[in-house]
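The values are calculated or read from the model by the stated rules, or taken from the named source; none is laboratory data. Remember, it's a predicted structure, so these values are computed and weren't measured experimentally. When we count neighbours, we look across all protein chains shown, and the Cβ atoms used for this are built from the backbone with ideal geometry, even at glycine.
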Amino acid sequence: MSTVDRNVSTSGESAQFDCIQNAMLSCDTIPDGPSPGGSLQRETRPSKKRKRNPVVRFSLMLIRRSHLYFGLLLAPWALLYGITAYLFNHPTHFSASRNETLPATKDLDTWPTSTWDAEEMAKTILKELNGRFNSTGENPIELSAYPEPSFESAYISASFESNEENYFVSAPIDGSTGRIRIFPKRKREPEGDAAPFQVQPKSRAQTGSRGRSGRSSPPSKSSEASEKSELQDRGPSEQPLVLDDSLADSIKDSLIARLNQQYPNIELDASSLNLRSVPELRFHANCDGTEWISDYDALSGAVTTREAGTAVEPDWRRFLLRLHVAHGYPMDGGVRWFWAIIVDVMAAVMVFWGLSGIVMWWQIKSTRRWGSLAMAASLAMAVALGVGMFAMLHSV
């Protein structure tokens, strides 16, 4: 092969390699044979650019501009919902309320619910129910093997108050560390002199045993005796199924001992501590070939039942609304805890979207004029609506 042929071959391969290498850069030249001097002569061809359909181009431009200007108009609300979502998820942040730790009980043997076992309690309840409703022993009420009995919650709920604060206690049934939520009392506005034409008729609810606050007055000994006799006259379906008559008093005494160590200045006693609830026990029972879902309340002695398989169909609207308002980190973790993390992430992202959108808009010089008008209108509307909502929500 001659020197000229080798030069032509080498130059042609080099040109082809360069063309392939620059394909993403719209290479618009191709080798067109060797020149007399041994180099390749290139023929320049105009690059072909695909023109976008005018309707598509206009539609995309309209979508981009709408996205931009609506974002500027609603930026204050994006920031508002992001910040308030965070405040909902963390009720003690930027608030007068706070959380404190309830220390674990020092002696588990004295904690009334430390030995609670869901399966054993369910068997005891069924034994009592069979004694009431199945004295002959035929077709007994039996505990279903699946699902296993379980407690609906792991916490005992109680509350008390001091001169300036309200306390809500969540104490685990196993006696471990709990939580106390403390809220300041709302200050009541001083009542002024009433007008001479004020009318306040007394209803039966106000003159009965309950006051305006809805709280019952403490029962007297005679009323307690009459209540016991009334319970004895009730049928088996109306008499409470209480496994431990002293359960409420035992829980109160144990809680008071733990709380008085933490708050010695309050001096709690049984009358000042309100035992709100204990975890309900859920179990499945078979009776006459029918499976029943049963819930037992150890405080009231109530056993509520519903037939298995008759649950109300899911209401998607209600479900979505409950998802929307679900917030806060539960003590026992689970799915609800991970949901709270997503709420925090969305709160941060909404604030980021609002601020970053303004920064991105300012980079587009051609939209600054109309964007400034949108921002001004947004701020004016936000201030006007904010003042109006404040006046409505705080109206006397």
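Things to note:
- Among the residues of segment 267-279, the ones that are part of a loop (DSSP other than H, G, I, E, B) and crowded, with 17+ Cβ neighbours inside 10 Å come to 4 in all.
- Selection over segment 48-64 of residues that are surrounded by 10 or more Cβ atoms within 10 Å (Cβ to Cβ) and either aliphatic (A, V, I, L, M) or under 21 Å from Ala380 (Cα atoms) (or both) gives a count of 4.
- Qualifying residue in segment 124-137 (condition: without any contact (Cβ under 8 Å) to a residue 60 or more places away in the chain and within 37 Å of the chain's Cα centre (by Cα)): no
- Residue tally, condition assigned to a helix (DSSP H, G or I), without any contact (Cβ under 8 Å) to a residue 40 or more places away in the chain and under 19 Å from Ser66 (Cα atoms), over segment 362-380: 8
- Odd one out for Trp111, checked against (1) out of contact with any Ser or Thr (no Cβ under 6 Å at 6 or more places or on another chain); (2) crowded, with 16+ Cβ neighbours inside 10 Å; (3) among the hydrophobic types (A, V, I, L, M, F, W, C): (1)
- Residue within segment 286-297 that is in a loop (DSSP other than H, G, I, E, B) and farther than 30 Å from Ala75 by Cα present: yes
- Only one entry in Asp295, Asp344 is under 30 Å from Met121 (Cα atoms) and either among the charged types (D, E, K, R) or at pLDDT 95 or above (or both), namely Asp295.
- Given (1) polar (S, T, N, Q); (2) in a loop (DSSP other than H, G, I, E, B); (3) surrounded by 14 or more Cβ atoms within 10 Å (Cβ to Cβ), index of the condition Thr310 fails: (3)
- Single residue of segment 223-266 satisfying the filter (surrounded by fewer than 13 Cβ atoms within 10 Å (Cβ to Cβ), of a type in the set (S, T, N, Q) and more than 34 Å from the chain's Cα centre (by Cα)) that is modelled with the highest pLDDT: Ser246
- Only residues that are of a type in the set (A, V, I, L, M, F, W, C) and farther than 19 Å from Ser157 by Cα were counted across segment 267-296, and they come to 5.
- Qualifying position, being at pLDDT 90 or above and farther than 22 Å from Gly386 by Cβ, among Phe70, Phe151, Phe94: Phe151
- The condition of being modelled with pLDDT of 85 or more and either out of contact with any Pro (no Cβ under 6 Å at 6 or more places or on another chain) or closer than 30 Å to Pro330 by Cβ (or both) does not hold for Arg210.
- Count - residues of segment 93-108 that are free of Cβ contacts under 8 Å to residues at least 40 places away in the same chain and either among the polar types (S, T, N, Q) or surrounded by 13 or more Cβ atoms within 10 Å (Cβ to Cβ) (or both): 1
- Taking the criterion of being within 18 Å of Thr84 (Cβ to Cβ) and among the aliphatic types (A, V, I, L, M), the residues of segment 348-380 that qualify are Ala348, Val349, Met350, Val351, Leu355.
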